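Enquirer: Below you will find the structure I want to go over with you.
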Amino acid sequence: MKFALILALLLPTLSFSQQTAWFADAKLGIFIHWGMYAADGTSESWAFHNKTVPYAQYMSQMNRFTAENYNPAAWAQLIKESGAKYCVITTKHHDGLSLYNTQLKTPQAPKQKNWNPKYPLSTTYQTPAKRDLITPLFAELEKAGLKKGAYYSLLDWTSNDYPGFYKDSSRYQIKDEPQRWASFLAFMHGQIAEINTQLQPDLFWFDGDWEHSETEWQAAKIDSIIHHTNPNAILNGRLKSYGDYDTPEQNMPVLHPDRNTWELCLTTNDNWGYRPQDHHFKSHFELLSIFTECLGMGGNLLLDIGPKADGSIPSEQIAILKEFGRWTQKHSAAIYGTIAGLPYGHYHGNSTLSKDSTVLNLFVPSPQGVNPDKLNLMIPIYIKGLKSLPKSITLLGSTTQIESHEVGKISWSSVPGTLFLEIPISAMDPMISVVQIQFKEPIQLYRGKGGFH
Ligand code: GLC
């Protein structure tokens, strides 16, 4: 059976249009959670919703959200250097504070005095930052050749027209006050239209859809507001049935997500936003391993950073992005524009294929904690069921020869043997190496149950 046919059986069919194909090829994006929560280092929005911080105290963080050291050009450069091809930033999180210039006013609950209700609830009017923080970043991203993504929370726990507030209480039920819900929808749809025209995102990253149904959100209307003027915009899969791709969060899928195109969003420590007490960072090796898992299943990684209230990026996250940059640059041929690698059973690890299936990239994790110069050891790997003959086998970023031999091939049977390879540790990347195998023709695989046919 032709490999392409096997792939087609194993994976849902490609449905992404030409205009949005950039997303499937991009592989790495950087997520930015920036908001008032960075000031005191509370959890983003959830801190008041879950009653860990009183609402008034949470909202007072706006007074300390200065953005005084914010350098959008430096952010865009760092993101580009990481090897990411797109960036998604919070234009508004569940707490209702817009980081872009909204003209729409958020209704404040009677008796509450958490912001000046004469003006929109935005960084321009309600924080010492006093400006739209998104437009300059989008301009820099565009200059750097990166795609621009707008995260937007459909739910808004601060608006007095929105039903939800605390985890255990609501302001009202939609069925009892349909007019109030209609005002909220007008406000929320209006903000989406503003973002669409002011910022012209390449991608909308919705969140918070779980609190209402597709009909209640009027998801079809949201889709048409966006696509009417911005036909190529991609929508993530958090607008109920609308959306172009799946967004598993934090946990690596074991089975392929439902939609063919997907993106894992992942924190570098345990929080989306900046929290100084959270030192629980994933190691560079762990993060790159998770990235190769995404690549191997044909998905993207959206790796999150949480800048501080002054606009500086925590040093651990800068180091992570730089390490991603080192690694992605060295191994770019195995990353961008590739498709999912070998189906389960052929190789005990992650792999990618070129779109024409003539190049196979095997990711080989390096032993950690050894000094490679002092060791003359080999890492053995093998591939089963490879019918095509390799034309060349190289280690990306190295000139070292990779020895290979086929084991168990029976001369009169069409069933292939097992290809064993040995990778010298001294030539390996300190994190994860890529063994690249080129074939004369699209790779052919044996998918049988063993024996002679
Ligand atoms: C969750 C959280 C939110 C976070 C998002 C990122 O939906 O509600 O705080 O922004 O995940 O994926």
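Enquirer: Could you pull out the pairs from LYS118/LYS308; LYS85/LYS330; LYS282/LYS322; LYS27/LYS322; LYS92/LYS147; LYS308/LYS330 whose alpha carbons sit more than 21 Å apart here? List each step's numbers first, then the result.
Expert: Values: LYS118/LYS308 28 Å; LYS85/LYS330 16 Å; LYS282/LYS322 15 Å; LYS27/LYS322 16 Å; LYS92/LYS147 19 Å; LYS308/LYS330 30 Å.
Violating the 21 Å limit, Cα to Cα: LYS118/LYS308; LYS308/LYS330.
Enquirer: How many lysine pairs does region 341-439 hold where the Cα atoms are under 23 Å apart and the two sit 8 or more places apart or on different chains?
Expert: Values: LYS355/LYS384; LYS355/LYS387; LYS355/LYS391; LYS384/LYS409; LYS387/LYS409; LYS391/LYS409.
Number of lysine pairs found: 6.
Enquirer: Now a separate question. Angle, helix 284-296 long axis vs. longest principal axis of the chain, Cα atoms, 0 to 90°, nearest 10?
Expert: 80 degrees
Enquirer: Another one. For a protection proxy built on the mean count of beta-carbon atoms within 10 angstrom, sort 125-135, 417-427 highest first, please. The partial results should precede the final answer.
Expert: On the way: 125-135: 19.5, 417-427: 17.5.
Packing proxy ranking, top to bottom: 125-135, 417-427.
Enquirer: Also, I was wondering about something else. Determine the gain in length on full extension of the stretch ASN251-GLN173; use 0.36 nm per residue of separation and subtract their C-alpha separation, reporting nm with one decimal.
Expert: Length gained between ASN251 and GLN173: 24.8 nm.
Enquirer: Per residue, how much accessible area does the chain show when a 1.4 Å probe rolls over the protein heavy atoms, in square angstrom?
Expert: On the way: 19390 Å² over 453 residues.
Computed with neighbouring chains in place, this is 43 Å² per residue.
Enquirer: Counting only protein heavy atoms and using a 1.4 Å probe, what share of the accessible area of the chain belongs to carbon plus sulfur, as a whole percent? Intermediate results must be reported in sequence, preceding the final value.
Expert: On the way: 10370 of 19390 Å².
That fraction is 54 percent.
Enquirer: Could you size up the charge dipole of region 18-334 around its Cα centre, putting +1 on the beta carbon of Lys and Arg and -1 on that of Asp and Glu, and report it in debye to the nearest 20?
Expert: Numbers: 29 positive and 35 negative charges, 150 e Å.
So the magnitude is around 720 debye.
Enquirer: If you plug each phi of region 145-162 into the Karplus form 6.51 cos²θ - 1.76 cosθ + 1.60 with θ = phi - 60°, what whole-Hz ³J(HN,Hα) values come out, in order, with x for Gly and Pro?
Expert: x, 9, 7, 10, x, 10, 6, 9, 8, 5, 7, 9, 5, 8, 4, 5, 8, 9
Enquirer: Right, something else. Please list, by residue number, every one of the chymotrypsin sites (Phe, Trp or Tyr not before Pro) in region 294-357 that is coil in DSSP and has at most 16 other beta-carbon atoms within 10 Å.
Expert: Working: sites: PHE324, TRP327, TYR336, TYR344, TYR347; in loops: TYR336, TYR344.
In loop regions of region 294-357 (DSSP not H, G, I, E or B), the sparsely surrounded chymotrypsin sites (Phe, Trp or Tyr not before Pro) are TYR336, TYR344.
Enquirer: Just report the Cα centroid separation between region 363-427 and region 187-266, whole Å.
Expert: One Cα centre to the other: 42 Å.
Enquirer: When the Karplus curve 6.51 cos²θ - 1.76 cosθ + 1.60 is applied with θ = phi - 60°, which whole-Hz ³J(HN,Hα) does each residue of region 411-420 get, with x for Gly and Pro?
Expert: Per-residue couplings from phi come out as 4, 8, 9, 7, 6, x, x, 9, 8, 9 Hz.
Enquirer: Exactly which GluC sites (Glu not before Pro) in region 22-115 are in a DSSP loop and have at most 15 other Cβ atoms within 10 Å?
Expert: Values: sites: GLU44, GLU68, GLU81; in loops: GLU44, GLU68.
Qualifying residues, ordered by number: GLU68.
Enquirer: Another question, if that's okay. Using only the alpha carbon atoms of the chain, find the Kirkwood hydrodynamic radius as the inverse mean reciprocal pair distance, in angstroms to one decimal. Spell out each step's value before the answer.
Expert: Values: mean 1/r = 0.0420 Å⁻¹.
The Cα-based Kirkwood calculation yields 23.8 Å.
Enquirer: Just name one of GLY41, PHE363, ILE30: the one whose Cα is farthest towards the positive end of the charge dipole of the chain (beta-carbon charges, Lys/Arg +1, Asp/Glu -1).
Expert: Highest projection toward the positive end goes to PHE363.
Enquirer: Continuing with the same structure: Identify all aspartates and glutamates with a Cα-Cα distance to LYS113 below 20 Å; exclude those on the same chain that are fewer than 8 residues away in sequence.
Expert: ASP40, ASP95, ASP156, ASP161
Enquirer: Which of GLY385, TYR125, GLN19 sits closest to the plus end of the dipole of the chain, meaning its Cα is farthest towards the positive end, when Lys and Arg get +1 and Asp and Glu get -1 on the C-beta?
Expert: The one lying farthest along the dipole's positive direction is GLY385.
Enquirer: What does the charge count near ASP278 come to, summing +1 for each Lys or Arg and -1 for each Asp or Glu among other residues with Cβ under 15 Å from its Cβ?
Expert: Details: positive: ARG275, LYS282, LYS308; negative: ASP40, GLU44, ASP270, ASP304, GLU316.
With Lys, Arg at +1 and Asp, Glu at -1, the neighbours total -2.
The values are calculated or read from the model by the stated rules, or taken from the named source; none is laboratory data. Just so we're clear, the structure is a prediction, and the values are computed from it rather than from any experiment. Cβ coordinates were reconstructed from backbone atoms using ideal geometry, including for glycine residues, and neighbour counts include every protein chain displayed. All accessible areas refer to the heavy atoms of the entire protein, side chains included, with ligands and DNA or RNA removed. Shrake-Rupley method; radii C 1.70, N 1.55, O 1.52, S 1.80 Å.
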